[in-house]
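These notes concern the structure reproduced below.
FYI, it's all coordinate maths here, none of it is from the lab. Note that the structure is a prediction, hence the values are computed from the model and not measured. When we count neighbours, we look across all protein chains shown, and the Cβ atoms used for this are built from the backbone with ideal geometry, even at glycine.
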Amino acid sequence: MAHSVEIPKVMKALVALGVRFCEADTIVHLLNTSLHKQDGKVAVQDHPVPQVGDDDVLVKVVAVAQNPTDHKFIDSGRAKPGTVSGCDFSGHIVQIGPAAAAAHPDLRVGAQVAGFVMGGTFADYGAFAEYVRTPASLVWPVPEGTFSHEEAATMGCAFWTAVQALFHPTRLALVEPPEKTTKDEWLYVHGGSSAVGQFAVQLGALSGYKVATTASPRNFELLRTLGASAVFDYRDTDAAAKLKAATGDNIRAALDTIGTRDAQALSTAVIAPGGGKVVHIINILPDVTDRTDVERIYTLLYWALGRAFSFGPNADHPVRPEDRAHMEHFLKKVPGLVKAGQIRPLPIKYIEGGLAAIPEGFQYMREGKVSAEKIVYRI
């Protein structure tokens, strides 16, 4: 028997349209989408509360944060009908599976936790809902008196992506905090004011690296407060030369958080003579560089969840146990880093209205209005 409080059978959730949950516990085709006032491809509906497995926790969601992947899954049709949208959450544990309770004595019913799931893919696995199920090893307890639920929710997709890109042994393999590098080394973060970029700047500086980054000038001071040693305008046609001059031409590790052709070209161009590594979190475009001494590496955060998934025909992703093991290892450090004040949450843009307001946030993001902020909702 799982440790729990009383759990309802049905919850409200932001669901991809095409099917609808009925009280008889059946899934039927949604024939009349005009009944739904939302985005047109998602709607707040009744949905089954996820069943908790032996290794899981069930979280009563208090706040969620929005990522580009949320609306892109919807817009591209990649979100499967009947699945729950959303990835980033913070809330209180209401149920713990028996194996999880034994393996994680630091987790208890009522504790505040935060985490990341793959929304839009599984019917029982999305954050934009009143309850979310997730493996107990993939949440981190939020120390009392530190982050609010809104702040903790910002440390999902973006934070995990920065961790995976910087520290995974097959990505940049940097020294992990709280340890610090003993070498005089530079890290370049392209797109430092992006959500991933802000965490990458913090984590790189925390690990003892000197961090160079690019952003819009209005965000320069923010990035300096996060630990950046050198900040340049990404639109400056001399950015590569200025970065090389500022760093003594000693950048051997770079993270591209943007993914455009210009971003990938600059991220590769700043690598020092003799070569190095560039990690891309969006994709790897061909023909952006003729350098053969730079290793270009793709990383995908969903691998860290330890669950097979597919993006469509010829786009299957098998289980990546090494990615999950690394994330589980790092998440154990997060409460200590937060309690010590060594990690800052992202600046928040709060949108009122709960689940029903999320399509509004999707449109705000589609229109390119997000800058150095994280959209957050209270559920």
By average C-beta atoms within 10 angstrom, highest first, the peptides 109-122, 339-352: 109-122, 339-352
For the chain, calculated [θ]222 nm from helices alone, where every DSSP H run of n ≥ 4 adds -39500 (n - 2.57): -6500 deg cm²/dmol
Burial ranking of peptide ranges 256-264, 319-327 (average Cβ count within 10 Å, highest at the top): 256-264, 319-327
Ordering of 305-313, 222-230 by packing [mean C-beta count within 10 Å, highest first]: 222-230, 305-313
Tilt relative to the chain, helix 157-167 - C-alpha long axis, 0 to 90 degrees, to 10: 40 degrees
Proportion of all alpha-carbon pairs of the chain beyond 28 Å (%): 45 percent
Spread of Cα-to-Cα distances over 5 Å intervals beginning at zero, given as percent, for segment 103-218: 2, 10, 17, 19, 18, 15, 11, 6, 2, 0
Residue-wise HN-Hα coupling along segment 79-85, computed from phi with Karplus coefficients 6.51, -1.76, 1.60 (Hz; x: Gly, Pro): 5, 6, x, x, 8, 8, 7
Qualifying GluC sites (Glu not before Pro) in segment 124-221, DSSP loop, other Cβ atoms within 10 Å at most 16: 144, 179
Residue with peak Gaussian network fluctuation, the chain [Cα springs, cutoff 10 Å], from 236, 88, 54: 236
Size of electric dipole in segment 36-163: Cβ of Lys, Arg +1 and of Asp, Glu -1, about Cα centre, debye, nearest 20: 320 debye
Cut-off under 5 Å, modelled amide H: who pairs with residue 232 long-range: 213, 214, 215
C-alpha center-to-center spacing [segment 248-265, segment 308-379] in angstrom: 22 Å
Amide H partners (placed H, <5 Å) of residue 310, local residues excluded: 317
